[in-house]
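The values are calculated or read from the model by the stated rules, or taken from the named source; none is laboratory data. Because the structure is a prediction, the values reported are computed rather than measured. As a convention, Cβ positions derive from the backbone with ideal geometry for all residues, glycine included, and neighbour counts pool all protein chains shown.
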Ligand code: GLU
């Protein structure tokens, strides 16, 4: 069914895969981190802090997507069941989130690893402007070697603005920070051919090359009362990450030193392959999924270096700016005859570009009073048509 013969050997793939990873997102589910009866599981958090700090020390950039706030808050409030109303759930999350961060702070401090809290909503990820703000903040934190601990902003997100579960949130974070790998740690070893709690013959599937409807069927019904999504949302997350060009490993957070072993290439859990390379996926998205919000008329010199030398677009090559776009929007690059030859995501607002067009990068800060980037469109955000 899934394990067709023409698939590459997973053990070899894992080593190769691990060797190519620099930035990874690790998602840890509520069931591992907390319980209603005992609140936060300090031992698990201590161990997580040890492993994640270790990865940072080895040179990986790691982001953590952590659940557990609502369960921790419920325990503080003495509730044994998830509150029925949204405000009550939000209140529990608010109480639990600060407790959760406090425990993380204490645990990471022992390893001299600084952490930061980042709370996101669906709105932050679907608005291009806020997406870029969030991305810049995460990039800056990583450049300071600070580990971002991300959760959904449960206290402000009303139902329709929610991602809804941290599995899907972790896939979106993977795209936001352009990570190379998503690891989802849960209390099950990976994807099985049947529900392992109900069927003794169920076996673990080590490799999935594409999340098809057949694969999704394997997850139906596997959900318990405390987790938000069960295997279904994990598969959705793996499918999303694959479409962004990022592989996912779903495995058990109860395996000793699980993250270290994954990064050593050990074959744990289920590996979901990416559909195409991350850059290819991104470029495909820029070229075909986004509607251009304006046009930049470029001189022949800029056109030449973009097409023939693989360079980014700098302000000096821009002759005219058309349209009213924001930083992060897609724009068309046209030559002096008006022919479109490339598309990309701009780093500056149309009005800012109007002021810096034709100028050298060294002059950007003097003209605008600030500078986000040297490039108006970075090469990785630029697609030739
Ligand atoms: N944001 C929720 C919390 O911290 C968890 C959502 C999830 O586990 O998917 O309680």
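What to note about this one:
- Residue list for region 234-269, restricted to those being closer than 13 Å to residue 27 by Cβ and within 18 Å of the chain's Cα centre (by Cα): 234, 236, 237, 238, 240, 241, 246, 248, 249, 250, 251, 259
- Subset of region 38-52 (residues that are in contact with a strand residue (DSSP E or B) (Cβ under 7 Å, 6 or more places away or on another chain) and in contact (Cβ under 8 Å) with a residue 24 or more places away in the chain): 40, 48, 52
- With respect to the conditions (1) more than 16 Å from the ligand (Cβ to nearest atom); (2) under 30 Å from residue 372 (Cβ atoms); (3) modelled with pLDDT of 95 or more; (4) surrounded by 15 or more Cβ atoms within 10 Å (Cβ to Cβ), residue 59 falls short on a single one, namely (4).
- Failed item in (1) closer than 16 Å to residue 24 by Cβ; (2) in a loop (DSSP other than H, G, I, E, B); (3) at pLDDT below 95, with residue 172 passing the rest: (2)
- Filter result for residue 173 (surrounded by 18 or more Cβ atoms within 10 Å (Cβ to Cβ), within 16 Å of the chain's Cα centre (by Cα) and more than 12 Å from the ligand (Cβ to nearest atom)): yes
- Residue 105 passes every criterion in (1) in contact (Cβ under 8 Å) with a residue 24 or more places away in the chain; (2) under 21 Å from residue 49 (Cα atoms) apart from (1).
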